[in-house]
Amino acid sequence: MELRDLRAPASSVHQCNSNCDCNCNNCNHGGGTAGVGVGAGELGDICIGSASVQRMPTRADLLMEQLNASNAKKVALLLVIGFVLYHGLLNWNYGSDSCQWLLSKGRFKGDNEWQPYGCMMHKYSYTDTRRCLRYLAFFGNKNNFVFIGDRSVRLLYQRFIEQLHLPQSETDPVTNERQSEQTGDTDHDTNGSSRMQSSAAGAGVARFEDKKLQMLAQYIRAEEVSPALIDHMYQLEQEKQLSSFYVLGFTYGTLLAGNVTDEVLRQYRFNLTLLVAPIHRLVAQTSRVLWKLTERVDEEKLPPAWKLLLNDDIDRLNNVARNVFRYTDATIWESADHIANGLVDNALDGHRLSAHGQRLQVQLLWNMYCNDQMNYNDGTCCSSAEPHTSLQIVAYALFGVCITLVCGMCLRRWMLHLRGQTLYVPLQQQPPPPPTNSGSSHPHQQSSQQHQHQSTHHYQNQHQHHHALAVLITDYGTPLVALSLLGVIMGYFYLCDRTNFFMKENKYYSEFSFWIPVGYVFALGLFFTEDSRFTKVLNQDQTDELRGWILLVVLIYYMTGAQRILPIHMHIKLLISGYFFLTGYTHFTHVWQTGGSGSMFVRFFQAMFRVNFLSVLLCFCMNRPYQFYYFVPLLSFWLCIVYFVLSLPPRITAASVEANPLHYLYLVCKCIGCLGVITVLFMSEVFFERIFVTRPWKALFVTTDDDIHEWWYQWKLDRYTVTFGMIYAACFHIAHKYNVFDDNNHGNLFSRRTSISVTLLALLGVGIYTSFSFLCRNVQNCEEIHSYIVFIPIIGYIVLRNISGILRTRYSSFFAWFGRISLELFVCQYHIWLAADRHGVLVLLPGFPTLNMIITSFIFVCASHEVHRLTQILLPYAVPNDWRLVMRNLVIFLIVLIPVARSDGMF
């Protein structure tokens, strides 16, 4: 799609007529490309002006010609190369350890949640935490945590054990601290865990132990470095608790007295250096040591005893700690300090971090300790990259062979070109002769023509050189080149989502983050509207438009994580159902109008190839199950059902019902039978599972965990939708046959009074579903009712979109363009727009979330369009028009799948 094609409708572009010059006699009379002469798309062939005055394209015309999808992809490629170099330098200079990012810096998002720099943070619950420790204990790990420091470290310790000790989760840690300072106690729970605190007059130690989890957490009070603290750390070292986790943080005993002089800073630096050797020995035992900086305070809210404490003094002390531990084995926990600074206005008594801030700091600790063991999809901080499989190696090796062959072909052609050998340009690529103005006799016109002819000659010389270079490279329409380009794109997919090379961040939802992109997209869609070539209801332009805006809204929904809002969630489910409804309608309409005419078998496999090619390729290259791309298995399944029902004898078409009215009854029986089989499958989940977990097709319907419930959930949500689409298509064509409405012109479908009544009913249908989505409070109940009433708002929209002739004969070329690549957009979003299997957002430009979203969206759309183009190139080779060749290719594909199926346990 070119910008000029969106900017103006076809009727406003130059059209050829009987008076057009002979050099423009090949102008396109079709629609979207009107005004382009021989060799459409070349500026030298555009007829600009009337028949009597022809002119060469201006610089503005040249610029408009360059705003097309091909050049956009070149820009996207340059951006990708630039960001690969940028992130390569980042990883080379600062390392690729995301734990360093987690502990160093981050920012608060609009929902007041913490976003670490460049990685995703999982939100650990009580269950997640215990599962992590139980997993580590199962493999013999000792989960040992030690907190050493002042009151802020004690609060952190108490929040930390809340994740493991449910009764404590209902108690304020501030109250716990005040009570435990007065008396020591020991608590036990039914899980076999115990919590012991010594008196404040004693050693100042708190202890939490869970024997089932092999977990021990200790708090050791320390206001400053002292001989007792050094001895205590020596004792911890002698215990030789491997893989322990230490958090230290304190200043000196008289901090509240203020007066932080240079002498105090020197003494503080000397005291901290005494900890370097013990820390080094602890790290040598594969322990992790964090130094927690002193938190800033809200000086205006401080109680009288704290009034002498200044933030400037705290900053000076923290700088001393940074300088001491910078080149040691301890890690400065900078992100905890950033969290405290961001929430300083909410500090209790001006100096105690709020409960929300404490929980965020605890989440950082659990992410650092557990992420690499648990492999949560939304927790990439401190998580290793997924190991590659042998199938991935084979897939990328085959792509590498294709790329090598193409590079060899290019090199050979380049060498032949340097030797002076002729490279023949295909006839369709040769530039046409320059346009002339016959009949001009005025001297001024003749000089103008001479100048124009010279310009044209110079332009075409450059054009011939451009085509020679194009042929020199290779023919971009060959399957070998298409596979090579696919290999490059798959490499980018792998780099984005299966490695830690690029950064990833958690999704962020707010009302503005969802509705502003939706509003902006619809504003663009309305701006790029033009007259359609068709007047029929649900014509090709309309269906492309519908798929386009449905897909764009769904993409925004997934990007912002808006599934937590039930009305939005239900409307997105409605849009996805509309896509399936349209699938049933379009394929039934094709068979109804054409009768299959012997090509129904080939058309079915062409549709299956277009739907599944990219997903199957990603299953091989990204090590993901087929069910991971849930939309594609659903679409493929319902395509099989549609073609199976329609191919059952007798085959019902418009011609057959005209010849034999009894076919109407057969059609009703087919629809009722389809609904009946679906209902039987739905009523017995056991029967459903027994069918779909049967080998060898079990692998198509289960997730990585060998679980079929995801398929069951998605299937039952739209179990009737495609059949509703087929029934609607049948009713529509029958009504059209008996002239219930007229869509053969630009007028309204019905008379004025009928149109008003039908419009009100359509509005009522859409309003009923919207009201239902707001009134429903339970997701399960909402989705169950959705399955039965989904056709009401969909048909209501179709009526509203088509009842007026003005609306029916216009469409948005912007949405239609996206609709043609909607399937590629839906699948590609998993890996190169979103991240971590759609749980996060890909970050190419850290620190600028809005600009990053624009850049990643641009690259994502360009890659999807290119994948769509390459799929179209490979389609005739994979699914020829001869059914015998189709069967041959199908058998070859199944043979290739046999070793893959055996490795996955399908046989």
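Restrict the check to the stretch 240-249 and report whether at least one residue is without any contact (Cβ under 8 Å) to a residue 60 or more places away in the chain, in a helix (DSSP H, G or I) and surrounded by fewer than 19 Cβ atoms within 10 Å (Cβ to Cβ).
No; the residues of the stretch 240-249 include none that is without any contact (Cβ under 8 Å) to a residue 60 or more places away in the chain, in a helix (DSSP H, G or I) and surrounded by fewer than 19 Cβ atoms within 10 Å (Cβ to Cβ).
Checking the conditions here, which among HIS746, HIS786 is in contact (Cβ under 8 Å) with a residue 12 or more places away in the chain, in the same structural domain as LEU618 (by TED's automatic domain parsing) and assigned to a helix (DSSP H, G or I)?
Of the residues listed, the single one that is in contact (Cβ under 8 Å) with a residue 12 or more places away in the chain, in the same structural domain as LEU618 (by TED's automatic domain parsing) and assigned to a helix (DSSP H, G or I) is HIS786.
In this structure, is ARG603 charged (D, E, K, R) and closer than 30 Å to THR499 by Cβ?
no
If I ask for residues that are under 18 Å from THR703 (Cα atoms), without any contact (Cβ under 8 Å) to a residue 40 or more places away in the chain and crowded, with 21+ Cβ neighbours inside 10 Å, which ones from the stretch 603-618 would you list?
Listed by number, the list is empty, since nothing qualifies.
Does at least one position in the stretch 681-695 carry a residue that is assigned by TED's automatic domain parsing to the domain that holds SER615 and in contact (Cβ under 8 Å) with a residue 60 or more places away in the chain?
yes
Keeping to the stretch 824-852, report how many residues are more than 11 Å from the chain's Cα centre (by Cα) and either surrounded by fewer than 22 Cβ atoms within 10 Å (Cβ to Cβ) or hydrophobic (A, V, I, L, M, F, W, C) (or both).
Counting residues in the stretch 824-852 that are more than 11 Å from the chain's Cα centre (by Cα) and either surrounded by fewer than 22 Cβ atoms within 10 Å (Cβ to Cβ) or hydrophobic (A, V, I, L, M, F, W, C) (or both) gives 10.
So, in the stretch 308-337, of the ones that are touching a Gly at 6+ places or on another chain (Cβ under 9 Å) and assigned to a loop (DSSP other than H, G, I, E, B), which residue ends up surrounded by the most Cβ atoms within 10 Å (Cβ to Cβ)?
This residue is LEU309.
Going through the stretch 699-733 one residue at a time, which ones are among the aliphatic types (A, V, I, L, M) and closer than 22 Å to VAL790 by Cα?
LEU717, VAL722, MET726, ILE727, ALA729, ALA730 - these are the residues of the stretch 699-733 that are among the aliphatic types (A, V, I, L, M) and closer than 22 Å to VAL790 by Cα.
On the given criteria, is LEU681 buried (at least 16 other Cβ atoms within 10 Å of the Cβ), more than 30 Å from ARG902 (Cα to Cα) and out of contact with any Gly (no Cβ under 8 Å at 6 or more places or on another chain)?
Spelling it out, it is not the case that LEU681 is buried (at least 16 other Cβ atoms within 10 Å of the Cβ), more than 30 Å from ARG902 (Cα to Cα) and out of contact with any Gly (no Cβ under 8 Å at 6 or more places or on another chain).
Within the stretch 512-565, which residues are touching a helix residue (DSSP H, G or I) at 6+ places or on another chain (Cβ under 8 Å), assigned to a helix (DSSP H, G or I) and surrounded by fewer than 16 Cβ atoms within 10 Å (Cβ to Cβ)?
Within the stretch 512-565, LEU524, PHE527, GLN563 meet the criteria.
Can you give me the number of residues within the stretch 489-511 that are closer than 21 Å to LEU85 by Cβ and surrounded by fewer than 15 Cβ atoms within 10 Å (Cβ to Cβ)?
1
Could you check the stretch 881-902 and list, in sequence order, the residues that are touching a residue at least 12 places away in the same chain (Cβ under 8 Å) and surrounded by 12 or more Cβ atoms within 10 Å (Cβ to Cβ)?
Answer for the stretch 881-902, where residues must be touching a residue at least 12 places away in the same chain (Cβ under 8 Å) and surrounded by 12 or more Cβ atoms within 10 Å (Cβ to Cβ): TRP883, VAL886, LEU890, VAL900, ALA901.
Only one of (1) farther than 26 Å from ILE568 by Cα; (2) within 32 Å of the chain's Cα centre (by Cα) fails for HIS733. Which number is that?
The one condition HIS733 does not meet is (2).
Of the residues ILE792, ILE821, ILE803, which is closer than 30 Å to SER615 by Cα, hydrophobic (A, V, I, L, M, F, W, C) and surrounded by 16 or more Cβ atoms within 10 Å (Cβ to Cβ)?
ILE821
Tell me yes or no: at least one residue of the stretch 637-654 is in the same structural domain as ALA730 (by TED's automatic domain parsing) and under 24 Å from the mean Cα position of the chain (by Cα).
Within the stretch 637-654 (the criterion being in the same structural domain as ALA730 (by TED's automatic domain parsing) and under 24 Å from the mean Cα position of the chain (by Cα)), the answer is yes, since at least one residue qualifies.
Taking the stretch 581-632 only, how many residues are in a helix (DSSP H, G or I) and within 20 Å of VAL896 (Cβ to Cβ)?
Number of matching residues: 19.
Of these, GLU300, GLU295, which one is in a loop (DSSP other than H, G, I, E, B), of a type in the set (Asp, Glu) and farther than 21 Å from SER125 by Cα?
So the residue among GLU300, GLU295 that is in a loop (DSSP other than H, G, I, E, B), of a type in the set (Asp, Glu) and farther than 21 Å from SER125 by Cα is GLU295.
Can CYS132 be described as over 13 Å from LYS504 (Cβ atoms), crowded, with 17+ Cβ neighbours inside 10 Å and among the hydrophobic types (A, V, I, L, M, F, W, C)?
Taking the combined requirement at face value, the residue satisfies it.
Name the residue that is nearest to the chain's Cα centre (by Cα), counting only residues in the stretch 338-354 that are touching a residue at least 12 places away in the same chain (Cβ under 8 Å) and surrounded by fewer than 16 Cβ atoms within 10 Å (Cβ to Cβ).
ASN341
What are the residues in the stretch 802-827 that are within 30 Å of THR754 (Cβ to Cβ), in contact with a helix residue (DSSP H, G or I) (Cβ under 6 Å, 6 or more places away or on another chain) and among the charged types (D, E, K, R), if any?
ARG808
ALA305 versus (1) without any contact (Cβ under 8 Å) to a residue 60 or more places away in the chain; (2) outside any helix (DSSP H, G or I); (3) of a type in the set (A, V, I, L, M): which is the lone unmet condition?
Going through the list (1) without any contact (Cβ under 8 Å) to a residue 60 or more places away in the chain; (2) outside any helix (DSSP H, G or I); (3) of a type in the set (A, V, I, L, M), ALA305 breaks only (2).
Has the stretch 698-720 got at least one residue that is at pLDDT 90 or above, in a helix (DSSP H, G or I) and farther than 30 Å from SER903 by Cβ?
yes
PHE772 versus (1) in a loop (DSSP other than H, G, I, E, B); (2) more than 25 Å from TYR585 (Cα to Cα): which is the lone unmet condition?
(1)
The values are calculated or read from the model by the stated rules, or taken from the named source; none is laboratory data. Worth saying up front: this structure is predicted, and the values here are computed from it rather than measured. All Cβ positions, glycine included, derive from the backbone under ideal geometry; neighbour counts span all protein chains shown.
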